[in-house]
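Colleague: One structure coming up, written as C-alpha cells, with questions to follow.
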Amino acid sequence: MFSRKRGAAKHVRSADAPPSRALADSLASDGFPPAPEFGPWDVRYAPEGVQRLDLGSLQIPAIEGVEVRVQANPDGGVEQVVLVDGESALQLGVFAAPKTEGIWGEVREEIAGAMAADGVSPREVDGRYGVELIARVNTPEGPADVRFVGVDGPRWMVRALYQGAAASDPGREGVLGEVLSGLVVVRDNEPRPVREPLPMRLPKEMAEQGQAAAQQGANGNQLQ
C-alpha cells in the first residue's frame with residue numbers, strides 16, 4: 001500500500017524565508033486571496049521558522065513521529081510521497097490549477113465516479129477543508145477505509161489521501177493532520193495544463209545518498 005522508502009527520508013532543510021506581512025498584504029491587494037488561517041500554505045504566506053523537507057513544489061513540515069516515504073525515479077524526480085504515523089498513512093499529491101477557480105469539486109466527482117464503476121459506494125462528508133470523500137475499498141489485504149481531502153490554492157490543488165485509522169475516524173488524524181495543515185506549495189510561473197502534477201525532486205543530499213546506495217547494491221551483485 002505504501003511506496004518503498006528511498007534514502008534518508010527524515011532529512012530536512014530550512015525552507016526559504018517567506019515574504020513579509022507587508023508584502024503579503026500587497027500581493028493580496030493585487031488580486032491574490034488573503035492569507036488563510038491554516039495551511040496548506042501558498043509559499044507567499046508560509047510561516048517562518050519551520051523546518052521542512054524541501055521537495056521543490058511541495059515542502060513538508062518536519063514533525064516528530066512522522067515517517068516520510070518517498071518514491072523517486074533514477075533522475076531524482078519524486079513520483080510518490082506517503083507519510084506514516086502508527087496505523088494511519090497520508091499520501092500527498094500537488095497539481096496545477098487555474099488561477100481563478102478551484103478544481104477539487106470536479107476531481108472529487110471523477111474519483112467518486114471511478115469508485116462507483118468498481119462497485120464502491122463513496123460518501124461525501126464535510127471536513128475541515130470542505131467536502132471530503134470517504135469509502136471502503138477492496139485491497140489485496142482485504143477491505144480498507146480511504147478518505148480523500150482536496151485543498152484548492154492559487155494555481156494549485158493539494159490532494160490528500162488518508163488510509164487506515166485516520167480514514168475511518170478523522171479524529172485520529174493526529175500529527176498527519178498537522179502535516180497537512182503545515183504543507184507549503186511552491187507554484188512556479190510556468191504555464192502548465194490543469195491537473196498536471198507539479199514537479200517534485202529529492203533534495204540533493206537525499207538524491208546522492210540514494211545513488212550511492214544503488215551503486216553499492218550493484219557492486220554487491222557483481223561480486224556474487
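The values are calculated or read from the model by the stated rules, or taken from the named source; none is laboratory data. Computed from a predicted model, the values in this text were never measured in an experiment. Positions of Cβ are backbone-derived with ideal geometry, glycine not excepted, and every protein chain shown enters the neighbour counts. Just the protein is used for accessible areas: all its heavy atoms, side chains included, with ligands, DNA and RNA removed. Shrake-Rupley method; radii C 1.70, N 1.55, O 1.52, S 1.80 Å.
Colleague: Quick one: if you stick a label point 7 Å off each Cα along the C-beta vector at residue 43 and residue 189, how many nm between them?
Modeller: 1.2
Colleague: Accessible area per residue, 1.4 Å probe, Å², for region 122-206: what's the number?
Modeller: Ligands and nucleic acids excluded, the result is 49 Å² per residue.
Colleague: Moving on to the next point. Solvent-accessible area of residue 121, probe 1.4 Å, all protein chains present, reported in Å² to the nearest ten, please.
Modeller: Near enough 100 Å² of accessible area.
Colleague: Using per-residue counts of other Cβ atoms within 10 Å, averaged over each peptide, order 146-155, 192-201 from highest down. Each step should come with its number before you reach the end.
Modeller: Values: 146-155: 21.6, 192-201: 15.6.
In decreasing order of mean packing, 146-155, 192-201 become 146-155, 192-201.
Colleague: Next up: How big is region 129-199 in terms of Cα radius of gyration and Dmax, in angstroms?
Modeller: When restricted to the Cα atoms of region 129-199, Rg and Dmax are 14.4, 43 Å.
Colleague: Quick check on region 135-174: what are the equivalent-ellipsoid semi-axes from the Cα gyration tensor, as sqrt(5λ), descending, whole Å?
Modeller: 23, 13, 6
Colleague: Over region 28-138, what is the mean sequence separation of C-alpha contacts under 8 Å (at least six apart), divided by residue count, expressed as relative contact order in percent?
Modeller: 10
Colleague: Next question. Where does region 21-160 land on Rg(C-alpha)/(2.2 N^0.38 Å)? Each step should come with its number before you reach the end.
Modeller: Details: Rg = 17.0 Å, N = 140, 2.2 N^0.38 = 14.4 Å.
Expressed relative to 2.2 N^0.38 Å, the Cα Rg reads 1.18.
Colleague: Still on this model: Can you list the residues, at least 5 places off or on another chain, whose amide H is less than 5 Å from the amide H of residue 195, using H built in the peptide plane?
Modeller: HN-HN under 5 Å from residue 195: 96, 97.
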